[in-house]
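Everything below concerns the one structure shown next.
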Amino acid sequence: MNILVCVSRVPDTTTRILVGPDGKTADKTGVKFVLNPFDEFALEEGLRLREKNGGSVTAVTVAGEVAKDILRTSLAMGADKVAIIKTENEFDSYFTAQNLAEFASNRAFDIILLGKQSIDYDSLQIPAYLGELLGIPSIGVVSKLQIEGNNVSAERDIEGGKEIVSAQLPCIISAQKGLNEPRYPKLPDIMKAKSKPIEEVAAIDCQPRTTILEMSIPSKKRAGVILDGSDGSLDKLVTLLHEEAKVI
Amino acid sequence: MSKILVFLESGKDSFKRTSFEAATAAGTLVASGGGQIIGAAINADDNQIQSAKDYGISEVYNIKYENCDKVSTTAYSAAIAQLAKSLGVDVLLFSANSHGIEIAPRVAAKLSAGFISDCIGLEISGTDIIARKPIYAGKAQIKTKINTDVKVFSLRPNVFTAMKNESSSFEIKSYDASLESKDFSCEVSSVAKNEGKLDVLEADAIVSGGRGIKGPENYHLIERLATTLHGAVGASRAVVDAGWRPHAEQVGQTGKTVSPTLYIACAISGAVQHLAGMSGSKYIVAINKDKDAPIFKVCDYGIVGDIFEVLPKLNERIAASR
């Protein structure tokens, strides 16, 4: 099975986000970047498919030179090959999807796995976009995946329940938390990953279809009425919810 | 004069509320920039279609094709893109719900259109539409615009209020799409609804529990208050990672980003990644026995107290007030 996993490099979830000097993107100073948490589920699923069916796992990212660290993480987790589609410019989801499609188009992957979203821009659009560009099915936000021969059956969360979607390989799957339990890389594998080759591909040029005008941090200011747990305070809370907030 | 196409997704009896939210957003765009709102439904019945009239839509195209009763997001995408092309629409609006995230990117790709997902605000500025979109799970926002002539936006559910605005004229048209077998590459084979349980993404009120709940056996305290409020049950990452609650209930950066009217955080300390997922709530109530818990810095009302004592009493009082 020829497996592609698309990964991205994002600020760790504990990061306090600040607006950078350009006023349009986040300040990267002092920020710890990690492999996108949802991509860990995608990669883990890829590794399990390889362990079951044989074949190889390639991890790819569209990013600048700095993102090689997450490719090393991918190698340490068990990816066979890694590649970076390099660009040092800011780009949008369209640019990413076009470049991933270009990379995947003549490499005959049986399955392409991604995290359901990248936790920076939270766009959730690459999986279906890529599916359309490659002319193959895509199933997003998958929490259970079964593959028998060429038949794919994927369970995904929908509002107030779950649905099962069927499709045929080759297919794109985006991973929801819960799809599996990602492995931790072992120290010897982390060491070995440092000397493995990283394929470099130049990004194809395509004009972004969206432009960011400004970035801001929303105010979190709230009334902040703090009460104790006494009966009188609870009466007051219910009155506030009823009369001030009008929510009950 | 722009043509705005709104995807009307069939729900149980009428179209989904999120479709009417999109129709209302389209109405706001038309009010300031002029234009016409067109609805696109797939294999809908007449009663369903009539309901669109109340939300400012003047024309609904009911799309039909062979096997259009099958739920297939790839087929829906192909059919909607065909209709959009034939009408020459300028703007397409979808809900960023579970099917919207599968359909909208495909339609955008088919129309060579720029696409901005999960918008929480749309406004006209000159010849542009400026979209507001949360990033980093709501820790920040961007204002962004689309550079192509045809523009596709998806809207975060529960943010735009569906407001009634009866259309002065109303027409139902039918549209026959011609699809190929490859358009049916994904198909829903079964659906399991959580009967009687509301999803955190749909609920007006959410009661969430954190590690301080001590174990799954105590979650009935959370569930009971959620039931009293006709709301949904949520959970922090710690609770989900401990296996006490299913992942579908997780609120936060690696769970769901929610925006209910009322959010009650019970024994949740307020980690950055949790706050990111719920800070869009209209009113936040925090209950925690640690008076220094970060959650108290972002709440409207806080109770410093033990949830095991506070929750039953609060439930009783809220039940009595309804």
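List of remarks:
- 10 Å Cβ neighbours from other chains, averaged over peptide A:201-208: 1
- Taking one quarter of the surface of the C-alpha convex hull of region A:168-226 gives a mean projected area of 11.8 nm².
- Considered as an equivalent ellipsoid built on the Cα gyration tensor, region B:3-184 has semi-axes of 24, 19, 16 Å, the largest given first.
- Counting only aspartates and glutamates at least 8 places from residue A:81 when in the same chain, those with an alpha carbon closer than 18 Å to its own are A:39, A:40, A:44, A:45, A:51, A:65, A:69, A:102, A:110, A:189, A:199, A:200.
- Evaluated with a Cβ-only charge set (Lys, Arg +1; Asp, Glu -1), chain A carries a dipole of roughly 600 debye about its Cα centre, given to the nearest 20.
- Unit charges on C-beta of K, R, D, E only; dipole of the protein assembly as shown, Debye: 1080
- Along its first, second and third principal axes, ordered by size, region A:131-189 spans 39, 31, 24 Å in Cα coordinates.
- For A:90-99, mean number of other protein chain Cβ atoms within 10 Å: 3
- Computed over region B:10-105, the percent of Cα pairs more than 21 Å apart is 28.
- Residue-normalised accessible area of the protein assembly as shown, expressed per residue, 1.4 Å probe, Å²: 41
- Probe 1.4 Å - accessible area at residue B:164, Å² to nearest ten: 150
- Computed with the Debye formula from one identical point scatterer per Cα of the protein assembly as shown, without solvent, the log10 of I(q)/I(0) at q = 0.06 Å⁻¹ comes to -0.30.
- The accessible-area ordering, largest first, of the residues B:175, B:219, A:184 stands as A:184, B:175, B:219, per a 1.4 angstrom probe.
- With R₀ fixed at 56 Å, the C-beta to C-beta distance from residue A:148 to residue A:207 puts the FRET efficiency at about 0.85.
- Counting only Cα atoms, chain B measures 62, 44, 36 Å along its principal axes, largest extent leading.
- Accessible surface ranking that places the most exposed of A:244, B:59 first, with a 1.4 angstrom probe: A:244, B:59
- Relative intensity, log₁₀ I(q)/I(0), of region B:120-278 from a Debye sum that treats every alpha carbon as a point, q = 0.12, 0.21 Å⁻¹: -0.75, -1.27
- Unit Cα scatterers, Debye sum, region A:2-202: log10 I(q)/I(0) for q = 0.15 Å⁻¹: -0.91
The values are calculated or read from the model by the stated rules, or taken from the named source; none is laboratory data. Keep in mind the model is a prediction, meaning the values are calculated, not measured. Every residue, glycine as well, gets a Cβ built from its backbone with ideal geometry; the counts of neighbours run over all protein chains shown. Please note that ligands, DNA and RNA were not included when accessible areas were found on the heavy atoms of the full protein model with its side chains. Shrake-Rupley method; radii C 1.70, N 1.55, O 1.52, S 1.80 Å.
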